[in-house]
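Below is one structure, written out as structure tokens, with a few remarks after it.
The values are calculated or read from the model by the stated rules, or taken from the named source; none is laboratory data. Quantities reported herein were computed from a predicted structural model and do not represent experimental measurements. Heads up, the Cβs are rebuilt from the backbone with ideal geometry, glycines too, and the neighbour counts pull from every protein chain shown.
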Amino acid sequence: MEEERLKDKILICVDCDEEFVFTVAAQEYFLEQGITEEPKRCKSCYMQLKKGKRLQQKENRKRGSYNRHNGNSNGNYRHYYSRDYKK
């Protein structure tokens, strides 16, 4: 069976509706990685999305440490076993 020859493709970004090129090199990379879908976003929209996810993960980690230590982030933790604690 003869291999299908890859060509640069013009795609439309789902976020900004601008055209972007899905290059042969990018297509080959996707195939090597086992990615079967074409990209949905241009590079700048993808980077913004990725940056937003990183910021959200950072905020989630901050909240997680707040909950994990049962106190606020400046180190003033509530100690339930102090002698001043009343039920």
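What to note about this one:
- Residue list for the stretch 15-62, filter: in contact with an Asp or Glu (Cβ under 7 Å, 6 or more places away or on another chain) and β-branched (V, I, T): V21, T23, V24
- Residues of the stretch 7-26 satisfying the condition of being part of a loop (DSSP other than H, G, I, E, B) and of a type in the set (V, I, T): V14, T23
- The C-beta contact set for the stretch 5-31 (first residue on the phi > 0 side of the Ramachandran plot, second residue loosely packed, with under 13 Cβ neighbours inside 10 Å, distance under 6 angstrom, 6+ apart or interchain) is empty.
- Condition check for T36 on (1) among the polar types (S, T, N, Q); (2) at pLDDT 95 or above; (3) part of a loop (DSSP other than H, G, I, E, B): one failure, at (2).
- Scanning the stretch 24-54 for residues that are polar (S, T, N, Q) and touching a helix residue (DSSP H, G or I) at 6+ places or on another chain (Cβ under 9 Å) yields a count of 1.
- Whichever residue in the stretch 21-63 is among the aliphatic types (A, V, I, L, M) and loosely packed, with under 11 Cβ neighbours inside 10 Å and, among such residues, is farthest from I10 (Cα to Cα): L55
- Being at pLDDT 75 or above and more than 30 Å from R5 (Cα to Cα) is a description that does not apply to K87.
- Where E59 falls short, out of the listed (1) of a type in the set (D, E); (2) free of Cβ contacts under 8 Å to residues at least 24 places away in the same chain; (3) outside any helix (DSSP H, G or I): (3)
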